[in-house]
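Here the structure comes first, spelled out in structure tokens, and everything after it is commentary.
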Amino acid sequence: MSKLTQLDNTHTYHCADGRQILIGASETHPYVAHETVKTILRSDEEPFIPTRTGRLRRTKVGEMMKRLPMCALIWRPDRQFEPFLELFLDVYKSHPIRSCAGMAPFDICPITGKHVHQESLDFVLTLRRTATDTKVYKRQADWKSKYVKASESFMRLEAACFEARARCMVVFCSFYLRKQILTSEEIDAHLIEQSKLALTNALTFEEGCELQADMMSDGLVSFDELQHYRVAFFGKKKTAPELFEHMIGYAWCIEYAPYTGYHLHAVFFFDGAEEQKHAHKGQLLGERWKMVTNGLGWAHNSNLSWKENHVRCGIGNIEHYQTAKRNNLRQLLRYLAKTEQMVPMLPKAMTNIFGKMQPPQRDPKKGGAPRVKVAQLVSITTTSQGAKW
């Protein structure tokens, strides 16, 4: 870490020279914009309410409206936004409230000559009325349903894998590209680039025209680049038969991180009767990722970090009857779908950020004794030993 700079969980880059750089709102706050617009739409409050002294006090909606200029910075001409944000950007772009950033309630709007609190109320009412007229709540529910359906699909995969095999070996890996390790010089260059991009986007947003020049990437790792390597990783399994020979299923998702761009999470299911060295398998999967990315990739093997006897462990060797471990595994699969952290914007229309291998089918022709829990076996053994013949 002495010569490298990485992003922490507060969206701050800690540089080798001691500087701390907070990455701008255009990169880190699509979720903030989502929460802001959702609060305004779901509430019946007005932005300001009068006090006994004749002043105006901001309500929760009024406090949220302080964020509007920052929320508008998420706009990109090549992005697909969730319906809530799409509605907000369309209304905000043409409303006088856009010129009232940082002004007090009784200040005068430079466009209409009205008080700022009047324009604030008009914006809120316009936003809510337009949401009803354009059926944005239904479209928002459809947007969210993609993540719910992905979560349900992953649950079916888990059930199918344990239906097909009495024991599964589960491996969880995260795949990255080495461009996501940053130097101070790269951050300096990025901040200059983003300042220019923010100005260009602001002018384009206000003028309502499409950007003519090619857009600069707002991440070191683009979606298309990661998607290319993902297809190479999963699509050429025949080139590594010893690695995927006993695999019975997998699920993956692509996530976005500020500035660094996109990365990949994947959960693999292997036949537990044939494979037991789960941590070693994770290392081999990481080596394959490095190979298909021509040395640009690196992987985090979660199976090296978790002990199988940990109360929250849901990976490793799991028996069909181990309810607690399977519940932890299902929680991990729900995390991949992120139903509680819905992505408010996508890199392009019809982007697929989830995927899975078709769940295996149990062969009805294969025999074998019915599955019995260990606890039941102990009970049966004890009963038979205590019986008198």
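A short reminder: the numbers here are calculations on the coordinates, not readings from a lab. Since this is a predicted model, take the numbers as computed values, not measurements. All Cβ positions, even for glycine, are placed from backbone atoms using ideal geometry, and neighbour counts span all protein chains on display.
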Extension reserve of the Tyr321-Ser145 stretch, reckoned as 0.36 nm per residue once the Cα distance is removed
60.3 nm
Projected label distance in nm at Lys290 and Tyr137, using a 7 Å step from Cα toward the beta-carbon:
5.4 nm
Under the 0.36 nm per residue contour assumption, what length would be gained going from the current alpha-carbon distance of Phe234 and Ile111 to full extension?
38.7 nm
For the range 90-153 and the range 50-68, what is the separation of their Cα centres, given in Å?
16 Å
Any idea how far apart Met155 and Gln358 come out in nm if each label point goes 7 Å out from Cα toward Cβ?
2.4 nm
What is the gain in length, in nm to one decimal, between Ser94 and Lys307 on full extension, counting 0.36 nm per residue of separation less the C-alpha to C-alpha distance?
71.1 nm
The simple spin-label model distance between Glu63 and Trp298, using points 7 Å out along Cα→Cβ, in nm, is 4.0 nm
